[in-house]
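Peer 1: Structure incoming, see below.
What follows draws every value from the coordinates through simple rules; no lab data is involved. All values derive from a computational prediction rather than experimental measurement.
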Ligand code: BGC
């Protein structure tokens, strides 16, 4: 059992050890030219950062006006703000990242929280099989969690559960909605247009599991709420992990498509910003991005997400390496059977390579030779791999900065004290991701942004946020 307040903390991770491409001893001019061309293609200039931000803001405005726009700008039905004094016990089910998690959350007030949680692996087959089987699996996980932690209810009462379902869902109430599309490698059949809460509740009921789905929550909304629980200046929740997306607090009068209760002053909007630029109007897509997109389970969708999120960065990098190998500019034109397989170059390897500070690039060598089974590598090979990894990683962080800058500009939040809660493996573990984002924001807004805006890790935003949302739902219905 852990007893930790959700606080912004100093992020304990490695920093990038930059490799200056000018120090590489190139084997040929062709090799130098190829690397320089990649640098050109992958570098996000300050001007492009500004242009993407401006385009992004237009997308936000369109999505606030009507449904069906590229950025869905989903109304979350979360209208109240938190002040940290909230108390209660809730269950949270978090689905949408690499693992499924069940969390028992106890809010003790004063911004304090205790949690117990168990992670479960979702089999790849379940992700793309029958929807019913996937939801049955979720119910079984909750059931075994209650057993494992010996959590019981009195009499015929029910647990209230916040369901973090981190996919684009058009919400129709705090605990109802319809799935717009699957993302992040999920593609369970028969779900698009259906209500995930109805499927989950049905799976609970059929098993007589005493749980009521009280709130349907996107992980970004949960992250915003979790961060706000002890940081009331929080204006935005962002996920930079397997997928990416953001949520922020919008003034009701700006949500012109909203037809519901307008008595509240503001509402959290789940932007679904990973879908930005489906039109391919502004993002600097390369042939390596396009190749990965075509082979994904959702081609032509989630274009920004595919340039930022952890699920995709390794595959983009692999595509670049393959291209250089095919042109005999890397590894003397030889490929390993492992690297030849799609999705084998994990984003986690990129973190290790970015942080590699040894003179011989020892950690990079280990990944290439021991994990990916290249019989041998030269220093030149390893240097080029490191430069490529940095290009892909930095582009992801700078595009995240462009999106965050768009939100800060739209709301004007950068002009005052504002806190941003970010969760997700990329933000937590990828070297220098947070520094790159802050540098990008400074390029857009100037040094004042560093004084006004703080970015903090909102660890476990999805779990705690779902509980907070269930609590707000109960408050609202009373
Ligand atoms: C989903 C979002 C989610 C994000 C981060 C995206 O693929 O569409 O709903 O917030 O991933 O998990």
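Peer 1: Output the direction-averaged projected area (hull surface divided by four) of the convex hull of the alpha-carbon atoms of the range 246-290, in nm². Walk me through the numbers on the way to the answer.
Peer 2: On the way: hull surface 17.4 nm².
Its average projected convex-hull area is 4.3 nm².
Peer 1: Counting residues in the range 312-405 as N, plug N into 2.2 N^0.38 Å and put the Cα Rg over that result. Spell out each step's value before the answer.
Peer 2: Working: Rg = 13.2 Å, N = 94, 2.2 N^0.38 = 12.4 Å.
After normalising by residue count via 2.2 N^0.38 Å, the value is 1.07.
Peer 1: Over the range 84-215, what portion of Cα pair distances is larger than 26 Å, expressed as a whole percent?
Peer 2: Across the range 84-215, Cα pairs with separations above 26 Å total 21 percent.
Peer 1: Also, quick follow-up: Give the separation of the Cα centroids, the range 91-161 to the range 213-288, in Å.
Peer 2: 23 Å
Peer 1: Using alpha-carbon positions, what is the distance between the centroids of the range 18-53 and the range 418-478, in Å?
Peer 2: 30 Å
Peer 1: For the range 215-374, how big is the tail of P(r) above 23 Å, as a whole percent of Cα pairs? Spell out each step's value before the answer.
Peer 2: Details: 6847 of 12720 pairs.
Value for the range 215-374: 54 percent of Cα pairs lie more than 23 Å apart.
Peer 1: Expressed as an acute angle from 0 to 90° and rounded to the nearest 10, what is the orientation of the C-alpha long axis of helix 196-206 relative to the principal long axis of the chain?
Peer 2: Once rounded, the angle reads 60 degrees.
Peer 1: What is the angle, in °, between the Cα long axis of helix 461-477 and the longest principal axis of the Cα atoms in the chain? Nearest 10 is fine, range 0 to 90.
Peer 2: On a 0 to 90 degree scale, this one is about 30.
Peer 1: Wrap a convex hull around the Cα atoms of the range 185-228, take a quarter of its surface area, and give that in square nanometres.
Peer 2: Hull-based average projected area comes out at 4.6 nm².
Peer 1: Which value results for Rg/Rh of the range 335-478 when Rg is the Cα radius of gyration and Rh the Kirkwood radius based on the inverse mean 1/r?
Peer 2: In the range 335-478, Rg relative to Rh is 1.11.
Peer 1: Could you work out the relative contact order of the range 92-231, using alpha carbon pairs under 8 angstrom and six or more residues apart, expressed as a whole percent?
Peer 2: 27 percent
Peer 1: So what does the Cα-only Debye profile of the chain read at q = 0.05, 0.06, 0.13 Å⁻¹, as log10 I(q)/I(0), no solvent term?
Peer 2: Per q value, in the given order, log10 I(q)/I(0) is -0.18, -0.27, -1.20.
Peer 1: Shifting gears a bit: On a 0 to 90° scale, report how tilted helix 131-148 is relative to the longest principal axis of the chain, with both axes built from alpha carbons and the result rounded to the nearest 10.
Peer 2: Result, in degrees: 70.
Peer 1: Could you grab the Rg to Rh ratio for the range 137-292? Cα atoms only, Kirkwood for Rh.
Peer 2: 1.01
Peer 1: Once every DSSP H run of n ≥ 4 in the chain is given -39500 (n - 2.57) and the sum is divided by its residues, what mean residue ellipticity at 222 nm do you get, rounded to the nearest 500 deg cm²/dmol?
Peer 2: Roughly -13000 deg cm²/dmol at 222 nm, from the helical runs in the chain.
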